[in-house]
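Colleague: My questions will all concern the structure given below.
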Amino acid sequence: MRRQARFSIGGAVMALVAVLVTGGTAQAATWSSSDKWGTWSNGGYTVRNNVWGGGAGPQSIWANSYRDFGVWADHPNTGGVKSYPHSAKNVGRPLSGLRSLSSSFAVSRPGGGAYATAYDIWANNNAYEIMLWMNKQGAVGAIGSKETTVSVGGHTWDVYRGSNGANAVFSFLRTSDTNAGSVDVLAVLNWIKNRGWYGDVTVGEVQFGFEITSSSGGMNFSANSYSVSSS
């Protein structure tokens, strides 16, 4: 579970409007923060720095909007997830009450380090966590054991099922990496229900970002577009 709290690294919180270096180019950001729990609300979404893992290094997040954000992170080459910077949209509706739930994304990401570009979808007040890995880099892996390979929601996935000790985790790892696309999220959630792994759950936040294990020396990650639509 990606814990949410308030804590300041060295008391440093970056200015509301700052100039960051992203991919070697100076970029003026509408919002930025180096607070490990830095949070910004925009357009009905919430953007979070979310440095939650042990042994993490410095990380700074910037955003021009909920759909245009990124981070610079310098996490050591040690095991364990250090952070999950992301943008989130709360759905707050039961599966049976949804006619559609989809999302699109496009990212720029480093060729080194260890991380996954992933959706993190929560249901039934965080009792269930559904991860959709769109790409991965380095020594990272899913919780639990592989159940099957399935084509659903517009992609083909290796499906893992397990628990992190706090909630059930269903991880869908795309069988080939992609940096852009769209996902029929409702189709994936209904596929899980049809397997009998949960019932008519209430969908909470649909989060999208970078689950970073290591990025030694400092690396840039950016989401060039991200949005969620539902009816």
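What follows is calculated from the coordinates using simple rules that are stated; it is not laboratory data. Keep in mind the model is a prediction, meaning the values are calculated, not measured. Note that each Cβ is placed from the backbone with ideal geometry, even for glycine, and that neighbours are counted across all protein chains shown.
Colleague: Charges on Cβ only, +1 for Lys and Arg, -1 for Asp and Glu, centred on the Cα centroid of the chain; of Asn179, Val107, Tyr119, which one is farthest towards the dipole's positive end?
Modeller: Tyr119
Colleague: Next question, about the same structure. So what is the calculated 222 nm ellipticity per residue for the chain, using -39500 (n - 2.57) for each DSSP H run with n of 4 or more, over all residues, to the nearest 500 deg cm²/dmol?
Modeller: Result for the chain: -1500 deg cm²/dmol, rounded to the nearest 500.
Colleague: Roughly how big is the chain's charge dipole about its Cα centre, with Cβ charges of +1 (Lys, Arg) and -1 (Asp, Glu), in debye to the nearest 20?
Modeller: Dipole size: approximately 220 debye.
Colleague: Quickly work out the Ile143-to-Ser182 label distance, labels modelled 7 Å from Cα along the C-beta direction, and quote it in nm with one decimal.
Modeller: Using points 7 Å along Cα→Cβ, the separation is 3.1 nm.
Colleague: Assign unit charges at the C-beta atoms only (+1 for Lys and Arg, -1 for Asp and Glu), then state the dipole size of region 104-215 relative to its Cα centre in Debye, rounded to the nearest 20.
Modeller: Roughly 200 debye, rounded to the nearest 20.
Colleague: Then there is this: With labels modelled as points extended 7 Å from the Cα through the Cβ direction, what inter-label distance (nm, one decimal) is found for Ser163 paired with Trp197?
Modeller: Going by the 7 Å Cα→Cβ label model, 1.5 nm.
Colleague: In nm, to one decimal, how far is the Ser100 label point from the Thr78 one, both placed 7 Å along Cα→Cβ?
Modeller: Simple spin-label model gives 4.7 nm for this pair.
Colleague: Which residue fluctuates most in the GNM of the chain (Cα springs below 10 Å): Gly138, Gly43, Gly199?
Modeller: Its mean-square fluctuation being the largest, the pick is Gly43.
Colleague: Can you work out the FRET efficiency for the pair Asn124 and Ser227, with r the C-beta to C-beta distance and R0 = 30 Å, to the nearest 0.05?
Modeller: 0.80
Colleague: Does anyone have the angle between helix 185-194 and the longest principal axis of the chain? Alpha-carbon axes, 0 to 90°, nearest 10?
Modeller: 40
Colleague: For the chain, set up a GNM with springs between Cα atoms under 10 Å and report which of Gln137, Gln59, Gln207 has the largest fluctuation.
Modeller: Judging by the Gaussian network model, the answer is Gln137.
Colleague: If you restrict to DSSP beta bridges whose two residues both lie in region 123-231, what percentage is antiparallel, to the nearest 5?
Modeller: Approximately 75 percent, going by the DSSP bridge assignments.
Colleague: Between region 33-82 and region 104-154, how many Å separate their Cα centres?
Modeller: 17
Colleague: Relative contact order of the chain: what whole-number percent is it, with Cα pairs under 8 angstrom and at least 6 residues apart?
Modeller: Worked out over the chain, it gives 26 percent.
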